[in-house]
Amino acid sequence: MISKDLDQKNIPYHYEIGLAYIEGAFMGNHIVVISEAGDQDHYGTQGAKKRWENMMLSELVDEELPASMVEDIITFEWHKVDPQEDWSVEIAGEYLPVSGPMITKDTLSMSAESYPTCYLCPKPAKIEVMTAIGMRNFCGNKCRGDYEGIDYGPDDYYISPKLEHDIELVSYYPGSISSPNRSATLSAKCRNCDFTTRNQSFYQHHLVKTLEEWDEDAEEWWDTGEKCRHDKMQYLDYLENGEDAWGNIIAGHIVIGCPTCGFKDTLSHVNIPQGCDNRGRVEDYIRF
Ligand SMILES: [Zn+2]
Ligand SMILES: [Zn+2]
Ligand SMILES: [Zn+2]
């Protein structure tokens, strides 16, 4: 993802939201990450903004109007926003598709952050491939081919590697030993599609390791006798649904681990679709 990329390189960046108006009526918006160190390999100062503006322009030209006319009636406005705090932006004039005169985090949380876009165009990414300069997301074979200079043909002709899910733990319960003995459960979701598993059971509790503490005087670890409840349980890995030789679906799994005590377990029989459709989560945003 763009911001992670820039974090790794220690390059400061900020977010801007673009609003498009056609004859004064709001028609769409887009959020971009702007690197403050100049154009960083496409997603820089003007690249991402211009690409979206050009896409909006070309969509209208395709639809009904000649290019010269479109450029006269469509206007763009860019506002700097901070998604950590608030990214509400006031919409001027008529607003067609949203339920009020503001874009807020509630009406739109679709961003370059939570919703990976194609490296070359503003469409949602569908495939992820290793290119000469690192992993890149593309909307399909067309953009991948444009970028790599190879004609991959239509999307069903050359099957590119699908985009992976971005799994997040929603809640975790380690179970209980006292009667009734209760199993550990996990809820997890993908940040970029509707995949969710709710309170799925491990069929056993996870209260197996005891916490140790360092004894300064004796200079050794001692067992506190208290079971680790894995308060900082983390997502580690997943495997999507597969197929056996007869075409039967084999369910996927999710691996989690506790950084405090080193306990790990695998939640099996999780129905994780092959590849992420990357259309965002319905509950997280409204799409226009
Ligand atoms: Zn694309
Ligand atoms: Zn997904
Ligand atoms: Zn633990």
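For the range 124-150, the set of residues classified as within 27 Å of G242 (Cα to Cα), within 15 Å of ligand 1 (Cβ to nearest atom) and without any contact (Cβ under 8 Å) to a residue 24 or more places away in the chain consists of T131, R136, F138, C139, G140, N141, K142, R144, listed by residue number. Residues that are acidic (D, E) number at least 1 in the following strands (runs of 3 or more DSSP E) confined to the range 148-204: 167-173.
So that you can scan it fast, the table gives a plain yes or no per residue for (1) touching a residue at least 40 places away in the same chain (Cβ under 8 Å); (2) within 15 Å of ligand 3 (Cβ to nearest atom); (3) under 29 Å from V170 (Cα atoms):
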{"residue": "L207", "(1), (2), (3)": "no, yes, yes"}
{"residue": "E219", "(1), (2), (3)": "no, no, no"}
{"residue": "D223", "(1), (2), (3)": "no, yes, no"}
{"residue": "K227", "(1), (2), (3)": "yes, yes, yes"}
{"residue": "H230", "(1), (2), (3)": "yes, yes, yes"}
{"residue": "M233", "(1), (2), (3)": "yes, yes, yes"}
{"residue": "L236", "(1), (2), (3)": "no, yes, yes"}
{"residue": "N241", "(1), (2), (3)": "no, no, yes"}
{"residue": "D244", "(1), (2), (3)": "no, no, no"}
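Please determine whether any residue of the range 237-248 is over 25 Å from the mean Cα position of the chain (by Cα) and surrounded by 14 or more Cβ atoms within 10 Å (Cβ to Cβ). The answer is no, given that none of the residues of the range 237-248 is over 25 Å from the mean Cα position of the chain (by Cα) and surrounded by 14 or more Cβ atoms within 10 Å (Cβ to Cβ). I'd like the full set of residues that are exposed (fewer than 15 other Cβ atoms within 10 Å of the Cβ) and not hydroxyl-bearing (S, T, Y), limited to the range 195-207. Of everything in the range 195-207, those that are exposed (fewer than 15 other Cβ atoms within 10 Å of the Cβ) and not hydroxyl-bearing (S, T, Y) turn out to be R198, N199, Q204. Only one entry of I74, I103 meets the criterion of being surrounded by 13 or more Cβ atoms within 10 Å (Cβ to Cβ) and modelled with pLDDT of 75 or more, and that entry is I74.
As for the range 261-272, it holds no residue that is surrounded by 16 or more Cβ atoms within 10 Å (Cβ to Cβ), part of a strand (DSSP E or B), without any contact (Cβ under 8 Å) to a residue 60 or more places away in the chain and among the small types (G, A, S). Residue check: is P154 exposed (fewer than 12 other Cβ atoms within 10 Å of the Cβ), more than 30 Å from S201 (Cα to Cα) and away from ligand 3 (no atom under 16 Å from the Cβ)? Taking the combined requirement at face value, the residue satisfies it. Just one of the listed residues (R287, R279) is within 16 Å of ligand 1 (Cβ to nearest atom) and modelled with pLDDT under 95, namely R279.
Tallying residues that are among the β-branched types (V, I, T) and in a loop (DSSP other than H, G, I, E, B) within the range 206-251 yields 1. Within the range 151-173, if we keep just the residues that are more than 16 Å from ligand 1 (Cβ to nearest atom) and out of contact with any strand residue (DSSP E or B) (no Cβ under 8 Å at 6 or more places or on another chain), the residue that is farthest from R229 (Cα to Cα) turns out to be Y157. Applying a threshold of 7 Å to beta carbon distances and a minimum spacing of six or more residues, or different chains, the list of pairs starting in the range 158-185 at a residue that is basic (K, R) and ending at one that is not in a loop (DSSP other than H, G, I, E, B) reads K162/I127; R182/S176.
The values are calculated or read from the model by the stated rules, or taken from the named source; none is laboratory data. A quick note: this is a predicted structure, and the numbers were derived from the prediction, not measured. Backbone-built Cβ (ideal geometry, glycine too); neighbour counts: all protein chains shown.
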